[in-house]
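J.: Below you will find the structure I want to go over with you.
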Ligand SMILES: [Zn+2]
């Protein structure tokens with residue numbers, strides 16, 4: 001652990017829920033959407049219904065309610081989206097946050113005291129849809145958390161600087177038509193330097209850029225401690 005991840009880790013020794021607090025941590029199930037998962041061979045995982053069917057199967061066999069994972073996972077989930085290939089030889093396919101797959105409408109909670117940095121509906125197919133970015137101060141350090149694939153209603157009443165207490169309701173998860181074209185899930189990502197982005201920040205990187213992005217976007221689980 002470097003000093004920055006130690007700082008994030010020191011915030012809480014217990015797991016922090018960022019979804020419907022009535023869902024117990026024992027009901028969270030790891031999900032592998034990487035190119036190495038042989039169960040995905042032959043599945044059109046870019047289709048939200050096919051993806052949802054697979055997630056439902058994983059949840060059923062472990063009796064879980066939220067499937068989660070994906071930090072630094074290389075995926076085939078973006079191969080149908082033009083905005084993920086800057087050039088034909090450079091594919092952005094390495095995921096920089098953790099995804100929490102559960103029902104549309106599930107509430108999203110604020111993990112620690114925050115103010116709204118920015119928000120935007122990134123509505124291009126394959127993007128985040130409604131997105132909120134929060135700013136946090138921890139022991140004199142500033143960092144940001146990004147929440148993607150929310151409902152449109154989640155954008156109502158927001159303004160830059162609006163304050164949220166730890167554990168308060170921030171938003172709800174969106175449906176595939178709004179989120180845009182994924183099975184319902186929350187994309188949660190930690191960002192150290194926003195690099196001037198407003199209401200948006202890359203959630204998927206190309207391998208060639210990964211050294212930078214994995215430093216700027218540390219593993220969210222260091223803060224949340226949901227995966228043991
Ligand atoms: Zn994601």
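The values are calculated or read from the model by the stated rules, or taken from the named source; none is laboratory data. Computed from a prediction, not measured in an experiment: that's the story for all the values here. Cβ coordinates were reconstructed from backbone atoms using ideal geometry, including for glycine residues, and neighbour counts include every protein chain displayed.
J.: I'd like to check something: does segment 178-191 contain any residue that is away from the ligand (no atom under 16 Å from the Cβ), modelled with pLDDT of 95 or more and either under 21 Å from residue 24 (Cα atoms) or touching a strand residue (DSSP E or B) at 6+ places or on another chain (Cβ under 8 Å) (or both)? Explain how you work it out, then say what you get.
T.: Let us first name the residues in segment 178-191 that are away from the ligand (no atom under 16 Å from the Cβ), namely none.
No; the residues of segment 178-191 include none that is away from the ligand (no atom under 16 Å from the Cβ), modelled with pLDDT of 95 or more and either under 21 Å from residue 24 (Cα atoms) or touching a strand residue (DSSP E or B) at 6+ places or on another chain (Cβ under 8 Å) (or both).
J.: Of all residues in segment 77-129, how many are touching a helix residue (DSSP H, G or I) at 6+ places or on another chain (Cβ under 9 Å), part of a loop (DSSP other than H, G, I, E, B), surrounded by 17 or more Cβ atoms within 10 Å (Cβ to Cβ) and at pLDDT 85 or above?
T.: 9
J.: Within segment 182-210, count every residue that is closer than 20 Å to residue 78 by Cβ and over 15 Å from the mean Cα position of the chain (by Cα).
T.: 6
J.: Still on this structure, I have one more. Test residue 7 against the stated conditions and say whether it is farther than 26 Å from residue 150 by Cα, over 20 Å from the mean Cα position of the chain (by Cα), modelled with pLDDT under 95 and not in a strand (DSSP E or B). Spell out the reasoning first.
T.: On the way: farther than 26 Å from residue 150 by Cα: yes; over 20 Å from the mean Cα position of the chain (by Cα): yes; modelled with pLDDT under 95: yes; not in a strand (DSSP E or B): yes.
It is true that residue 7 is farther than 26 Å from residue 150 by Cα, over 20 Å from the mean Cα position of the chain (by Cα), modelled with pLDDT under 95 and not in a strand (DSSP E or B).
J.: Restricting the search to segment 8-26, which residues are farther than 19 Å from residue 174 by Cα and touching a helix residue (DSSP H, G or I) at 6+ places or on another chain (Cβ under 9 Å)?
T.: 8, 9, 11, 12, 15, 16
Yes or no, residue by residue, for (1) within 14 Å of the ligand (Cβ to nearest atom); (2) more than 18 Å from residue 185 (Cα to Cα):
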position: 69; (1), (2): yes, no
position: 79; (1), (2): no, yes
position: 98; (1), (2): yes, no
position: 101; (1), (2): yes, no
position: 104; (1), (2): no, no
position: 122; (1), (2): yes, no
position: 159; (1), (2): no, yes
position: 164; (1), (2): no, yes
